């Protein structure tokens with residue numbers, strides 16, 4: 001089995017962490033704005 005390069009592993013974890021934080025931030029903005037349930041605006 002080929003070992004993963006430490007730099008690739010570090011960058012992948014960094015991208016995953018930043019994506020996770022930005023997703024939480026986006027959900028918080030939607031929750032604060034009262035638009036978390038978008039289906040009520042579509043129907």
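The values are calculated or read from the model by the stated rules, or taken from the named source; none is laboratory data. Model, not experiment: these values are computed from the prediction. With ideal geometry, Cβ positions are generated from the backbone for all residues, glycine too; neighbour counts draw on all protein chains shown.
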What pairs come up if the first residue lies in the range 25-43 and is in a loop (DSSP other than H, G, I, E, B), the second is at pLDDT 85 or above, and their beta carbons are under 8 Å apart, counting only those six or more places apart or on different chains? 36/27
Would you call residue 24 over 15 Å from the mean Cα position of the chain (by Cα) and modelled with pLDDT of 85 or more? no
